[in-house]
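What follows is one structure encoded as structure tokens, with my remarks underneath.
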Amino acid sequence: MPKPSAAGTLIMAANGLGNPEDVPMRSLQALREAELHIFEEDRAARAALKAAGLTRTWLRWSEQCEAGTLEALSRCLEAGGTAVYMSSQGCPVLEDPGTALVGVAVRLGAQVRSVGGPSSVTTILGACPFPVKGFVCEGLLPREPAARRRCLQDLARLRRPLVLLETPYRRDAFLADCAKELAGREAVLALDLGGPEERFLLAHIEALPALAAILTPKLNFLLAVAAPKASKSGR
């Protein structure tokens with residue numbers, strides 16, 4: 001149960017997708033308000049603080065769960081202070097770290113505010129030439145190849161538009177599995193959203209592995225896949 005006494009405020013602030021000009025103004029103001037700054041990555045921290053006109057120290061919170069960050073957040077909120085968290089790109093919690101931080105705030109009875117902003121999911125959907133109503137955002141698939149293929153087979157049975165994410169170093173294997181398990185569908189591959197090499201590749205999914213093979217392998221990316229076309233019988 002949350003503590004009845006009022007504590008501080010945790011602000012979950014959206015970051016840009018790569019271009020610092022896309023960072024929401026409200027996120028920059030949140031950085032200026034906060035006593036405690038928490039970031040997923042140091043590079044993103046330096047860029048965001050510079051955009052806010054600040055020179056501050058910060059703590060990290062990532063998948064590696066930096067030691068001491070949760071304790072520092074608890075102390076800040078218990079003292080009635082304001083803390084802000086920004087992931088490296090886009091919005092915290094949506095396939096980015098942050099859920100545990102919100103959990104700390106809730107347990108302490110602190111206020112939680114969320115500053116919306118750029119999302120890679122909505123960005124790629126805006127570039128799709130096919131209907132996306134009722135889409136399923138599965139996010140990151142399992143790392144193990146057999147488990148990834150089983151997951152794709154389950155998603156294929158949904159017969160809905162899909163949004164899938166993967167890490168750059170598994171891109172080729174991921175696209176090959178998608179081409180096999182989701183064959184016959186239109187797709188959009190978005191690379192380096194908000195960055196200098198931003199590209200949207202529109203093609204049938206079977207063609208994407210060959211198209212992506214000539215591109216920089218380390219670019220962040222995500223994939224949108226159309227629902228399968230209805231058969232002539234309507235089934």
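The values are calculated or read from the model by the stated rules, or taken from the named source; none is laboratory data. Everything numeric here is computed off the predicted structure, so don't read it as measured data. We place every Cβ from the backbone using ideal geometry, glycine too, and count neighbours over all the protein chains shown.
Observations on the structure shown:
- Across the stretch 193-227, the qualifying residues are those that are in a loop (DSSP other than H, G, I, E, B) and either aliphatic (A, V, I, L, M) or assigned by TED's automatic domain parsing to the domain that holds Q89 (or both), and the one among them that is surrounded by the most Cβ atoms within 10 Å (Cβ to Cβ) is L193.
- Long-range neighbours under 6 Å by Cβ, at least six apart or interchain, first residue farther than 16 Å from L17 by Cβ within the stretch 86-101, second outside any loop (DSSP other than H, G, I, E, B) and of a type in the set (F, W, Y): G98/Y85; L101/Y85
- Filtering the stretch 191-228 to residues that are under 12 Å from S120 (Cβ atoms) and touching an Asp or Glu at 6+ places or on another chain (Cβ under 8 Å) leaves L191, D192, G194, E198, N220, F221, L222, L223.
- Options V188, V136; residue that is of a type in the set (A, V, I, L, M), touching a strand residue (DSSP E or B) at 6+ places or on another chain (Cβ under 6 Å), at pLDDT 90 or above and buried (at least 19 other Cβ atoms within 10 Å of the Cβ): V188
- Contacts under 8 angstrom Cβ, first residue in the stretch 126-147 being under 16 Å from L165 (Cα atoms), partner exposed (fewer than 14 other Cβ atoms within 10 Å of the Cβ) and among the β-branched types (V, I, T), 6 or more apart: L140/T167
- Screening the stretch 142-179 for residues that are among the basic types (K, R) and outside any helix (DSSP H, G or I) and picking the one that is farthest from H204 (Cα to Cα) gives R143.
- Listed by first and then second residue, the pairs linking a residue in the stretch 173-195 that is among the small types (G, A, S) to a residue that is in a loop (DSSP other than H, G, I, E, B) and surrounded by fewer than 17 Cβ atoms within 10 Å (Cβ to Cβ), with Cβ atoms under 6 Å apart and 6 or more places separating them unless they lie on different chains, are G194/N19.
- Just one of the listed residues (V102, V106) is of a type in the set (V, I, T), outside the structural domain of L202 (by TED's automatic domain parsing) and within 21 Å of the chain's Cα centre (by Cα), and it is V102.
- Pair list, Cβ < 6 Å and 6+ apart or interchain, from the stretch 215-235 residues that are modelled with pLDDT under 95 to residues that are polar (S, T, N, Q) and outside any loop (DSSP other than H, G, I, E, B): L222/S120
- For F39: the one exception among (1) touching a helix residue (DSSP H, G or I) at 6+ places or on another chain (Cβ under 9 Å); (2) surrounded by fewer than 20 Cβ atoms within 10 Å (Cβ to Cβ): (2)
- Identity of the residue in the stretch 160-180, surrounded by fewer than 19 Cβ atoms within 10 Å (Cβ to Cβ), over 19 Å from I124 (Cα atoms) and among the charged types (D, E, K, R), that ends up modelled with the highest pLDDT: K180
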